[in-house]
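Everything below concerns the one structure shown next.
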Amino acid sequence: MESFFGTIKTESLQHYRFTTREEAKLVVFEYMEVFYNRIRRDSKINNIAPATYAAQFPSTVQQWTASLRHLPV
């Protein structure tokens, strides 16, 4: 978690001077949802973007969720 906060400070927040809390929230949200979770390359998944990595496995997720429907409750 500490490395995430270091990354966001280095890559995003230090470039802004916020005038309101809402402005800061918007920039943090955009960084996390648009860049960090979708575009940024991740060394743990062979240096590809998380969105690209997740797109490789839609059938696996569908198969897994379908198999859960057949489990006894």
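Here, each number is a calculation from the coordinates, and none is a lab measurement. As the structure is a computational prediction, the values presented were derived from the model and not from experiment. No Cβ is skipped: glycine too gets one built from the backbone with ideal geometry, and neighbour counts run over all protein chains shown.
Looking at segment 49-58 only, could you name the residues that are surrounded by 13 or more Cβ atoms within 10 Å (Cβ to Cβ) and in contact with a strand residue (DSSP E or B) (Cβ under 9 Å, 6 or more places away or on another chain)?
Matches in segment 49-58: A49, P50, Y53.
I need a count of the residues in segment 1-31 that are more than 19 Å from P50 (Cβ to Cβ), surrounded by 10 or more Cβ atoms within 10 Å (Cβ to Cβ) and of a type in the set (D, E, K, R).
The number of residues fulfilling the criteria is 3.
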